[in-house]
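The values are calculated or read from the model by the stated rules, or taken from the named source; none is laboratory data. Values in this document were obtained by computation on a predicted structure and should not be read as measured data. When we count neighbours, we look across all protein chains shown, and the Cβ atoms used for this are built from the backbone with ideal geometry, even at glycine.
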C-alpha cells in the first residue's frame, strides 16, 4: 500500500535530489581538475579570456586613476616646485652614480677579459604598470600590463626600484602573470653580500617571507645580511637585492638551519614594476650550442 | 531570464571586482571570497533565484579567470550550496548572532574544501592565518546586514 506522502512526492517530483546533483557536479569538477592538472589547458583558455577582462580592470582602476588625476590637478604650485627641486637633486646624484658605475663596469669587463672570463650579460628594463593582484591564498601572483604585445617571455625577471619582485610565469596577449618571490613555488639563486656565500631561496607563501634552504646550522649568516642574486642561473642579472635576513633558528636536532628573510622589494605597495630583458635574448643563451648537439 | 536576475548578475560582477582588492593587515591576507559571499547572500535572500548549478557555473567562471586549477572553485561553491541548504531553516529562524555562527561555518567549510584540493595537488599548507578570511567574511556579513538593502527578512 502506498502512503499518502509517498504519492505526493511522486506527484511533485522535480527531478534528481540535491545530493545526487552535488555528486554529479563533484564528479564533473574532479574530472576537470584531473584533466587540467595533467594537460594544463586552463592556460590556453586564459589566452582568450584575458582579452575579455581588460574592461573590468579599467573600471576597477578608475577610482585610483581619478584620485591620482584630481590630486595632481589640485596640488599647489609650491609643492610642485619643491618636488621638482628634489627630483633635480636626485637626477644629479644618480647621474654622478651612473658615471661611476659606467667606469666600474668598464673596469670590471677589462679585468674579466684579462682573466678570460666571459663578459657579464647586459640587460635593459621596461616599466609597466600592475593591473591587479590575483585573489588566491595558495599562490602569490600579480598581473602586469603587457604581454605578447611587448614581446615578454615566460622566465623574465621583474624588479622594482628596491629589488627583485618575481618572475614572469605566464604571458597572455596583452597581460602577463608574475609569480612573486614569496610564492611557495619560487626559488632564486642568491649570494650573501657580506661573505659571498651561495644559497637558494624559497618563498613561504601567505606570510610574505622567504627562507634559505639547505644551509647547515654552522653557516655564517647573521641577522641583517643582504641577499643578492648570484646570476649563476643566467636568468636573473647579478647583484639585484632579493631579501634581508630577519631571523635565524639553529636547532641541533635538525640537519639544516631555518633562516627567515624579508623581501626587500615593496611587494604590495607599488603600482609600477620593471621587466628585465637581456640585450642578447635569453632564448639564444639557453639554446644548445653546436658542440652540445654533437655530444 | 537575464532581466529577472539583473541584480544578481550586477552584484556578482561587483563581487568579482572586489575580489581584486586586497585587504592586507599585518602581512596577512584577510580578503574574503566576495563572490561566495554574494552567492550565499542571494541564497538566503531569494532561494528561487539561485540553484546548485548556478553556484557551480559561477565557480567555473571564477576558475577560468582566477583559479589555479579548473574546477576547484566550482566544486567549492556547489558544496557550499549543499551546506547552506542544510542550514537554511536554522539560519532563517534564529537570531542575528546565531546566524553569524552558521555563516562562519559555511565559509570555513568552503576554505577547508579549497585547502583539501590544494594540499592534494600542491602539498602546500598556508598556515593558520588562512582561516582569518572566514572571520573577515562574517564581519562583512554582519556590517552589511545592518543596511536595509542587505536584510534577509522576507
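Restricting to region A:134-171, give me the number of residues that are more than 14 Å from chain B (Cβ to nearest Cβ), touching a strand residue (DSSP E or B) at 6+ places or on another chain (Cβ under 6 Å) and over 19 Å from residue A:57 (Cα atoms).
13
Within region A:260-273, does at least one residue satisfy the condition of being away from every other protein chain (no Cβ under 14 Å), in contact with a strand residue (DSSP E or B) (Cβ under 7 Å, 6 or more places away or on another chain) and over 21 Å from residue A:152 (Cβ atoms)?
Within region A:260-273 (the criterion being away from every other protein chain (no Cβ under 14 Å), in contact with a strand residue (DSSP E or B) (Cβ under 7 Å, 6 or more places away or on another chain) and over 21 Å from residue A:152 (Cβ atoms)), the answer is yes, since at least one residue qualifies.
Being touching a residue at least 12 places away in the same chain (Cβ under 8 Å) and away from chain B (no Cβ under 14 Å) is the requirement here; does residue A:108 meet it?
yes
For region B:48-63, which residues satisfy the criterion of being surrounded by fewer than 19 Cβ atoms within 10 Å (Cβ to Cβ), in contact with a helix residue (DSSP H, G or I) (Cβ under 9 Å, 6 or more places away or on another chain) and either under 14 Å from residue A:36 (Cβ atoms) or more than 10 Å from chain A (Cβ to nearest Cβ) (or both)?
B:49
How many residues are at the interface with chain A (Cβ under 7 Å from one of its Cβ atoms) and modelled with pLDDT of 90 or more if we restrict to region B:21-44?
The total comes to 0.
Identify the residue in region B:78-93 that is facing another protein chain (nearest Cβ under 9 Å) and crowded, with 18+ Cβ neighbours inside 10 Å and, among all such residues, is farthest from residue B:63 (Cα to Cα).
Top of the filtered list is B:82.
Can you name every residue in region A:142-158 that is part of a strand (DSSP E or B) and buried (at least 22 other Cβ atoms within 10 Å of the Cβ)? Steps first, please.
Initially, region A:142-158 is screened for residues part of a strand (DSSP E or B), giving A:142-145, A:157-158.
If the condition is that a residue be part of a strand (DSSP E or B) and buried (at least 22 other Cβ atoms within 10 Å of the Cβ), then A:144, A:157, A:158 are the ones that fit.
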